[in-house]
Amino acid sequence: MKHLYLICILFVIPSLVNAQPGRIEGHVMAGEASAAFASIGLVGSNLGATADENGRFELEQVPAGAHKVSVSAIGYRAQELSVTVMSGEAVTIKVRLQPQDARLREVVVSGTMRETYLLESPVPVEIYTPKYFQKNPTSAIFEALEIVNGVQPQINCSVCGTGDIHINGMEGAYTMVLIDGMPIVSALSTVYGLSGIPSSLIERVEVVKGPASTLYGSEAVAGLINIITKSPATAPRLSSDLFYTSHHELNADIGYSKRWNRASTMLSTNYFRFDDRRDGNEDNFTDIPLQHRFSIFNKWSLHRPENRVASLAARYYYEDRFGGEMQWQPIHRGGDQVYGESVYTSRYEVLGSYQLPVPENLLFSFSYNDHQQNAAYGETVYKGHQRVGFGQLVLDRDLGARQKLLLGAALRYTWYDDNTPATQETANDENRPDRTLLPGAFAQHEYKASDKLTLLSGLRYDYHSAHGGILSPRLSMRWAPNEDNVFRLSMGNGYRVVNLFTEDHAALTGAREVVVRNELKPEQSYNVNLNYQRYIPLGSGFLNLEGAAFYTYFTNKIIADFLTNNTQIIYDNLSGHAISKGIALNTELAFTFPLRLHAGATLMDVYQVQHTPEQGKERIPQLHAPRFSGTFTASYQFRQLGLTLDYTGSVKGPMHLPVQENDFRPEKSPWFSLQNLQATKTMGEGLELYGGVKNLLNFMPKHPLMRPFDPFDRQVQVDNPYSYSFDTEYNYAPMQGRRFFLGIRYTLPQ
C-alpha cells in the first residue's frame, strides 16, 4: 500500500505542475504610438485587462492551451490574435491597431428616409461635416461644395453670378436641395436661394447621387443634397466664425443655443457683404457681383417622453446683388442707358417635424416658404413671387424577421406669379397665377436576408394637376462579404415637372428672346448605379476606396437651344433621348501620424441624341459638363505647435460652352484648377485663428462677355459681320482671382 501511494505521488505531482496556468503580457500600439487604456480580453472567458498609459498589459491565470486574444481601443479597429500558452510560462505579444474610419459608423437618413448606419445603408450616401468644409472657408454652402467629387457649383451668368449645383454633369434643376429632409430650395429659389444657408447651422451634409424620386418626388433626378441642421439640444452654446478677404469680402456666422428642462433652441445668423467693384479684365463690367445679404435661422425642439421628435424652425433671408457696367447706379435700374443686373431677394421659410403620441412610429413633417424676387436685367424687369407648402406623413414599422416597412403620403402645393408670359392669359392678356397641386404616396420595403445581404424596394405614385399620374419605382441591393468590402446596386427612375421662368436665369437676362415651341411634358429618367467600397488596413493607417459606375437615360428631356439663333433661346422636349454615364472614384488615406488625404475623380460622358427628319440622329454634347473633374484635400497637423495646414482644390477638364454662330471664342473651356491653402492655429480652448490664400494659381476665365461695349445691342449692324450680340452665358469658372483671407473662429460648448 505504501509503495502504491508513492507511485501515485510520482504521477500526480508532474501533472499538477503541467496544469499550472500561464500568463499573457504585451504591448498595444496605435500606429507608432502606445495605445493607452486599450481593452484586452480572452475570447470565451471572463479574463480581461486594461492597458496602462504606456499601452502595456498582463493577463494572469490563463489556462494552458490555444486561445484567442481580443484587443480594442476607441477609434481603432478591434483585432483578434491566436496565442498558445504553455503551462506556467509567460507569452509576450505585440499588437498594432489600425485606425477605424469613424464615418463608417455615422448615421445617415437621406438614402432610406430612416436613420441607418452609413456602412449598413443599401443606398450609397456621402457625408460631409463642417470640419471638412472649414478646410476652405466660404460664405455659403454653394461655394463650399466645390471640393465634393462629382458635385459642381456652376456659375451661369458672368454678370450677376447666378448659379446652380450640378451632380454628375446634369443641370442644377435636376438636383434637389433639402433642409432637414424638407424640399426648401427649389424652383424660384434654385438660382439665388443657395447663397443664404449659413455654415453655423449645419451639422452635416448628405449627398445622394442618382434618382431619389421614389422617396422625395419631383426634381430628385440627378441626386439630392440634404443639409442636416444642428440639434438645439447638442449645439454649442456659442459659435462664431468671422473672416475677411483682400477683395474686401466680409462674412460673419454667429450661432447661439440655450437648453431648458423641456425645450431647447438655437439661433444662427449670417451676414455677408462685398461692395468692391473690380474689373480685372478691363471690359467695364464688374468681374463678380456686389452682394449684401443677411440670413437668420431659429430652431426649437421639445424634450418629449420616449425621445419622440418635436421640432420647429424658421429662416428669413434677404439679399441685394448687382453686377453690370462699372458706372451703373441705382438710378439706372431697369433703364436702357447703363447696363446692370440688380436683384432683390426676400424669402422666409418654416419647417418642422412632430412624432405622433401613438405606439406606432408615425412622423408628420411640414414646410412652407414664401419667395419674392424683384430683378432688373438691363431694361428687362422681372418680378416673381412663389409660395410652396409641403406636408408629409411617414409610418416606419419594424416587421420583425429582418424586415422593415416605410409608408408615406405627401402633398405639395405651389403658387407662382410673375410678370412673364408664363402667367399670362394669352386670350385677354390678363395675369393668371399658376397653381399646382401634387399629392403622392410611397412605400418602401427593406429586407435583411442575412448579415451580408440587404434588399430595398420602393414605389411612389404622384398625381400632378396638369400632367396626371407618375410612377417612380426603385430597387437597391447591398452585399457585404465581409466588413472590408461592400457592394451596392441601385436602379430606379426620377421625374421633374418644369416651370422655365423660375429655373433658367438665361431666359430672364433680356439678352435673348425666349421661344417655347410646344407644350412641355414632364421629364423622366432611368438610372443604374453600381457602388463598391473597400477598406484596406495599412501598417500605419488605412485606405478607404469607393468606386461607382452610373448610367442615366432621359426621355422627354427639356433642352435649351442656344445655337440655332444667336438672339433666341428655344425650349422644347427632346425628340430623342439623353444619356449621362460615367465612373467615379473617391479615396481617403489616413495615417497614425497627423496626415489625412482625400481625393476624388469623375470621368463622365453627358450628351443628347436628337431625332430629326432632316438629319436623322444627331449627338449634341451637354453644356457645362466636363469629361473629367477631380477634387483633393490634404491636411497635416503640427501637434506641438497647435497648427494645421490644409491644401484643397478642384480640377476641371474641358466642357462645352454656349457659343454663338461663327463665334471667335472656343466652344470648349481649357483645363483649369482652383486651389487653396490655409493655416489654422489653435489659440486656446475653442479659439482658432486661420488664414490663407484662395485661387492660389490666380486662374480667371477668358471672354466671359460677348460685346460688353454694346450691352443693349444698338450697334449689332455696325462693323459686326457675324452679327454677334451681347451674351452673358459663356462662363465656366468664377471671375475672381487670387485673394488672401484671415479669420477667427470660436466655439463655447454647452
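Throughout, read-outs are computed from the coordinates displayed, never taken from laboratory work. Small disclaimer: the values here were computed from a predicted structure and weren't measured. Cβ atoms come from the backbone with ideal geometry, glycine included; neighbour counts cover every protein chain shown.
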Take every Cα-Cα distance within the chain, group them into 10 Å bins from 0 onward, and report for each bin the whole-number percent of pairs it holds. 2, 12, 21, 24, 18, 10, 5, 3, 2, 1, 1, 0, 0, 0
Take each of the peptides 209-216, 41-48, 547-554, average the number of other beta-carbon atoms within 10 Å over its residues, and list them starting from the highest. 209-216, 547-554, 41-48
Of all DSSP beta bridges in segment 14-97, antiparallel share, percent nearest 5: 70 percent
Sorted by chain and number, the residues with a modelled amide H under 5 Å from that of residue 247, at a separation of 5 or more or across chains, are 740
Counting alpha carbon pairs within less than 8 Å and at least 6 residues apart, what relative contact order, in whole percent, applies to segment 384-483? 21 percent
In degrees, nearest 10, the alpha-carbon axis of helix 2-18 is tilted away from the dominant principal axis of the alpha carbons of the chain by 20 degrees
Going by average Cβ density within 10 Å per residue, which order do the peptides 651-659, 635-643, 738-746 take, highest to lowest? 651-659, 738-746, 635-643
Enumerate the calculated ³J(HN,Hα) couplings along segment 462-471 in order (Karplus 6.51 cos²θ - 1.76 cosθ + 1.60, θ = phi - 60°), each rounded to whole Hz, writing x wherever the residue is Gly or Pro. 10, 10, 8, 5, 9, 10, x, x, 9, 9
Within straight-line cross-link reach of residue 94, lysines at Cα separation under 22 Å, skipping those fewer than 8 residues along the same chain: 68
Environment charge of residue 527, counting only residues whose C-beta is closer than 12 Å and scoring Lys/Arg +1, Asp/Glu -1: +3
Using Cα pairs under 8 angstrom and six or more residues apart, how large is the relative contact order of the chain, in percent? 10 percent
Computed from the beta carbon distance with a Förster radius of 41 Å, FRET efficiency for residue 536 and residue 294 to the nearest 0.05 stands at 0.30
Expected 222 nm ellipticity per residue - DSSP helices of 4 or more, -39500 (n - 2.57), all of the chain, to 500: -1000 deg cm²/dmol
Please give the FRET efficiency for residue 276 paired with residue 87, using the beta carbon to beta carbon distance and R0 = 60 Å, rounded to the nearest 0.05. 0.15
Per-residue Cβ neighbour rank within 10 angstrom, fewest leading, 620, 141: 620, 141
Distance (nanometres) between label positions extended 7 Å along Cα→Cβ at residue 129 and residue 455: 3.6 nm
Which lysines does residue 452 reach when only Cα atoms under 21 Å apart count, and residues fewer than 8 places away in its own chain are ignored? 404
Hz values of 3J(HN,Hα) by residue in segment 678-692 - Karplus curve (6.51, -1.76, 1.60), Gly and Pro given as x: 9, 10, 10, 10, 7, 9, x, 5, x, 10, 9, 10, 9, x, x
Does segment 565-618 come out rounded, prolate or oblate, given a ≥ b ≥ c as the square roots of the eigenvalues of its C-alpha gyration tensor, rounded meaning a/c under 1.5 and, failing that, prolate meaning a/b above b/c? prolate
Across 5 Å bins from 0, what is the distribution of all Cα-Cα pair distances for segment 14-97, in whole percents? 3, 16, 28, 23, 15, 8, 4, 2, 1, 0
Given 0.36 nm per residue, what is the gain on full extension from residue 677 to residue 344 after removing their alpha carbon distance, in nm? 116.5 nm
Relative contact order (%) - criterion: Cα under 8 Å, at least six apart; region: segment 250-386: 17 percent
When 24, 583 are ordered from fewest to most other Cβ atoms inside 10 Å of their Cβ, what list results? 583, 24
Entries of 209/668; 131/448; 299/694; 131/681 with Cα pairs more than 22 Å apart: 209/668; 131/448; 299/694
